1. Kindly list the residues of the stretch A:77-111 that lie in the label zone of A:Thr16, defined by a backbone N under 13 Å from the point 7 Å along the Cα-to-C-beta vector.
2. For A:Leu119 and A:Ser208, calculate 0.36 nm times their separation in residues minus their Cα-Cα distance, and state this gained length in nm to one decimal.
3. Could you check the spin-label model distance between A:Ile48 and B:Glu27? Points 7 Å from the Cα along Cα→Cβ, value in nm.
4. What is the spin-label model distance, in nm, from A:Asp159 to A:Ile111 if the labels are put 7 Å beyond Cα along the C-beta direction?
5. What does the charge add up to near A:Ala264, with Lys and Arg as +1, Asp and Glu as -1, over the other residues with Cβ less than 12 Å from its Cβ?
6. For the stretch B:152-231 and the stretch B:40-65, what is the centre-to-centre distance using only Cα atoms, to the nearest Å?
7. Cα to Cα, under 27 Å, and not fewer than 8 places away if on the same chain: which lysines meet these conditions relative to B:Lys230?
8. Per residue and in cubic angstrom, what volume does the convex hull of the Cα atoms of the stretch A:151-276 have?
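The values are calculated or read from the model by the stated rules, or taken from the named source; none is laboratory data. Keep in mind it's a predicted model, so treat the numbers as computed, not measured. Note: ideal-geometry Cβ built from the backbone for every residue, glycine included; neighbour counts use all protein chains shown. Accessible surface is based on the protein model in full, side chains and every heavy atom, while ligands, DNA and RNA are left aside. Shrake-Rupley method; radii C 1.70, N 1.55, O 1.52, S 1.80 Å.
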Amino acid sequence: MLSKLLKHEFRATGRTMLPVYAAVVVLAVLANFSIRVIDRSVHTLVTIFCGLIIAAFIIGIIAAGIMTLVMMIKRFYTNYLKDEGYLMHTLPVSVHELVWSKMIVSVVWFICTFLVIWLVIILTALFQTGTSLAQFFAGFPSWAEIKAALAEAGIRSGDLWVIGLETLLAVVVAGLYTCLHFYAAMSLGHMFSKDKILLSIVFFVGISFVLSLATTGYSTGRFVASGGADYILETAQEAIRLGKAILAEMLAIELVQSAVLYIATVLGLKRGLNLA
Amino acid sequence: MAILECKGLSKRFGRIQALEDINLSIEPGRVVGLLGPNGSGKTTLIKLANGLLTPTAGEILIDGRAPGKESKALVSYLPDKEYLPDWMSARQLMDFFADFYADFDRERAGEMLTRLGIDESMRIKQMSKGTREKVQLILVMSRQAKLYLLDEPIGGVDPATRDYILDTIIRNYNPSAAVVISTHLIADVEQVLDDVIFIQNGHVALQSSVDEIREEKGKSVDAYFREVFKC
């Protein structure tokens, strides 16, 4: 049933997100032309008009990011906690499937938005003042060059793969954590009969405070226990080892926090659901 | 075995006792009127049966099981709200129901929409209030469920639509299933009911068959209801 929930959730969110991406790409193309026109233009009006297009492109990029976050919050709120909840909570699916479907789709859109933003930034920079596609990418070092530089510093490519994988995992877990932070606050706030939105905000702030207090306390304790500022990195391998350890620990902390928020979300929906 | 059973069921919202020590059972094949004035606890009972609320005490069982993923596959529920996503078309909603409910008869739903002249490609937000209510009812009644829970299906609609709704319910429900119709408009539903449950201030005031009321009290259900709930 999770696959069916995902299918319908992608359909419901895609109708908003895909046009947003299309609009940002169109603005990127227009911004690309505008930058080239500004370079050659002598007319103030044309320059102002092109400047406005570039400003619209920047606003578009910011709006796409905000839209992704708003979509994540709005879908959970309207689909599970408002009138549509009468449909969704009476489907023969578990609460876990309901929560996971929203989380997975939101994280996919987070990643898509991130990729689209990079794509449009590259698109805007392309072909400026005679730069061809080949010239643009020639500016980046090749994988062989990167490997050679790393080998010189005594870093194995295997270490990089581990760090890459940990970073990717950290990004996904950060996405899940962001969703769950909002979901838990909304689920708990909507257990009450009145002032549901206000209480959701109170829970959001409360959760942020408690989790940051716990994380700060734990990190400080670990820093003091590990010898703190006396730790000196002498080689690149040591830096890599420390980097991997920090990433793994950050991942573990985020996973624990996400698990706590997940339990709060599920309990709120399972035990405290109180649709108006 | 009863399709719906309540044992010492209570529900409290803060200081308000919505339901208290409800004991009742509904057998398959019966059309039951859940009757009571506004605020008597009818909707709370139906929400509990759908797992939309958790009991404060006691239990509610659907086909012997507490409300959950399995019971939801057996229950076809019509809430007293417009609950369908308004951006979806009637066709998309039929796809949605067919995806999640193995007992959903897509063909029958399509036929009913055609008979009413409702365009399948029309979105919910483009429909009138009456048409939206009809689409909701068609989707709910196109399932071969074991238990239909219909919360105020005829509230706030004109008499012609009221007739259509009752006719649709009676023509389409699975005969081996139980149908629970919650309403305070007794006179309109009386002719389709086998049994009635009167709910008053969160308590079951009466559970009886319609025939018993007519024979023993010598009154229609509507007349008896007015007597029991006289202000």
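1. A:77-80, A:106, A:109-110
2. Full extension from A:Leu119 to A:Ser208 adds 28.8 nm.
3. 8.5
4. 2.7
5. On the way: positive: A:Lys270, A:Arg271; negative: none.
Here the count lands on +2.
6. Here the answer is 20 Å between Cα centres.
7. B:Lys11, B:Lys42, B:Lys47, B:Lys217, B:Lys219
8. Here the figure is 104 Å³ per residue.
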